[in-house]
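Undergrad: Below are the structure tokens for one structure; questions will follow.
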Amino acid sequence: MENNKRSQNQKASIDYCCNNFQKTYLHFFFLIMALLFSNTYANDTEKVSVIIPVYNVEKYIRECLDSAINQTYKNLEVICIDDCGTDNSIKIVEEYAQKDKRIKVFRHDKNMGAGPARNTGIQNSNGEYIFFLDSDDYLNLDAVELMVKNQKETNADIVVSNTRVFTSDKDIAIGNHVKENEKLLKVSLQKCYQIGFDNFQHNADYVFGISWGKLYKKDFLIKNNIWHINKNIVHEDGGFGLKTLSNFPLVSFIKDTGINYRLNPYSTTHNSVILKCRTDAKIMLKDFFQYLDQQFEKDKAEKLKELTIESSRYKRFFKLSIPSLIVYWILKIRSYISY
């Protein structure tokens, strides 16, 4: 009797241990799976707002949208601004929006230009990061993922990706522009650096003359009141870049190509509108100088104005007032496009 009872007690103890082991094992298994799952998607916790002004790009807009919605980084929204074009671009965007709820469409009452369109995008964005994409360009599919990863590693305010420049049928031999490339390379080799008075001019000339191709922390832009000029002018993103630089951000570079920039002979940057460059540069610089006066103490504002006026980029703008140089630049651009 005692042996049977002892045997039953031993069996009960073994069963109890086995049941507890199974429960513990299952609990541990599900815990590991949960951790693995969370790590897999950890990089997607912050939303990225990809902002695309849309104006007469029906030939290229599908390629642009496909590159945005098929990113390996999934937690993003694609904000398209209808800037009152005359072709079927926005119909194509609406077709995509019906299939992918991450695409949002906002409309202007009249054509306002890329700068105001980007402002509309920022105002309606829900992401922690902002990325500007022109509607005739497209992204490499891992571009956003690589830039977000870099931002988390460096805590940079802005992450700059490498850029491939091309026309519809060939890549542009940017390597021919040796001097500018060497200067940009010196910056690029510094993976992460702080903007200051000592490198403000260099970055204004070679890195921040454009707003696209960069991942911005949204709170950095909002906190420092950084917006594009709210006018339809040529090179509107130059002023945006200067405002960005004047707040001395932490900047990080990645060597990977993130964006493919189409040198489009029909875009507003490359034809008769070049004649507006000098006038629009003055408008843009006036807006930037007013920003400096409102944002900073007098000494810093005056120092930044001086550095801007002496930068090679803006000296070139003002040289466009000479008729012979206007013709020279138009011919240079045309020959560059047909290279």
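Undergrad: Residues being over 15 Å from the mean Cα position of the chain (by Cα) and either closer than 18 Å to residue 51 by Cα or in a helix (DSSP H, G or I) (or both): count how many of those fall in segment 234-244. Walk me through it before giving the result.
TA: Taking segment 234-244 first, the residues over 15 Å from the mean Cα position of the chain (by Cα) are 234-236, 239, 242-243.
Now narrow it down to the ones that are either closer than 18 Å to residue 51 by Cα or in a helix (DSSP H, G or I) (or both): 235-236, 239, 242-243.
Here the count works out to 5.
Undergrad: Which is basic (Lys, Arg) and farther than 17 Å from residue 54 by Cβ, of 101, 91, 110?
TA: On the way: 91 fails: farther than 17 Å from residue 54 by Cβ; 110 fails: farther than 17 Å from residue 54 by Cβ.
Checking each option against the conditions leaves just 101.
Undergrad: Run down 315, 298 and say which single residue is modelled with pLDDT of 95 or more, basic (Lys, Arg) and not assigned by TED's automatic domain parsing to the domain that holds residue 248. Step through it out loud before you land on a result.
TA: On the way: 315 fails: modelled with pLDDT of 95 or more.
Answer to the selection: 298.
Undergrad: Six or more apart or on different chains, Cβ under 8 Å: which pairs go from a residue in segment 204-228 that's assigned by TED's automatic domain parsing to the domain that holds residue 112 and outside any loop (DSSP other than H, G, I, E, B) to one that's among the basic types (Lys, Arg) and surrounded by fewer than 18 Cβ atoms within 10 Å (Cβ to Cβ)? Could you list them?
TA: These pairs meet every condition: 205/183; 206/183.
Undergrad: Only one of (1) within 29 Å of residue 224 (Cβ to Cβ); (2) among the hydroxyl-bearing types (Ser, Thr, Tyr); (3) in contact with a Cys (Cβ under 6 Å, 6 or more places away or on another chain) is not met by residue 138, so which one is it?
TA: All conditions pass for residue 138, except number (1).
Undergrad: Here's a check for you: in segment 83-121, which residue that is in a helix (DSSP H, G or I) and β-branched (Val, Ile, Thr) is surrounded by the most Cβ atoms within 10 Å (Cβ to Cβ)?
TA: Going through segment 83-121, the residues in a helix (DSSP H, G or I) turn out to be 89-99, 114-121.
With the extra rule that they be β-branched (Val, Ile, Thr), the set shrinks to 90, 92-93, 120.
On the way: 90: 23, 92: 18, 93: 25, 120: 22.
Per the criteria, the residue is 93.
Undergrad: In segment 245-290, which residues are part of a helix (DSSP H, G or I), among the polar types (S, T, N, Q) and modelled with pLDDT of 85 or more? Reasoning before the result, please.
TA: Initial filter on segment 245-290 (part of a helix (DSSP H, G or I)): 245-246, 272-290.
Cutting the leftovers down to among the polar types (S, T, N, Q) gives us 246, 272, 279, 290.
Selection gives 246, 290.
Undergrad: Please determine, by comparing only the residues of segment 122-150 that are charged (D, E, K, R) and under 20 Å from residue 60 (Cβ atoms), which one is surrounded by the fewest Cβ atoms within 10 Å (Cβ to Cβ).
TA: Filtering segment 122-150 for residues charged (D, E, K, R) gives 128, 134, 136-137, 142, 145, 149.
Add one more test, that the residue is under 20 Å from residue 60 (Cβ atoms), and what stays is 134, 136-137.
Values: 134: 26, 136: 21, 137: 25.
For segment 122-150, the residue satisfying everything is 136.
Undergrad: Follow-up question, since we're still on this one. In this structure, does residue 254 turn out to be over 23 Å from residue 306 (Cβ atoms) and touching a residue at least 60 places away in the same chain (Cβ under 8 Å)? Working first, answer last.
TA: On the way: over 23 Å from residue 306 (Cβ atoms): yes; touching a residue at least 60 places away in the same chain (Cβ under 8 Å): yes.
Answer is yes for this residue.
The values are calculated or read from the model by the stated rules, or taken from the named source; none is laboratory data. Here the structure is a predicted model, which means the values were calculated and not measured. Glycine gets a Cβ as well: all are built from the backbone with ideal geometry, and neighbour counts include every protein chain shown.
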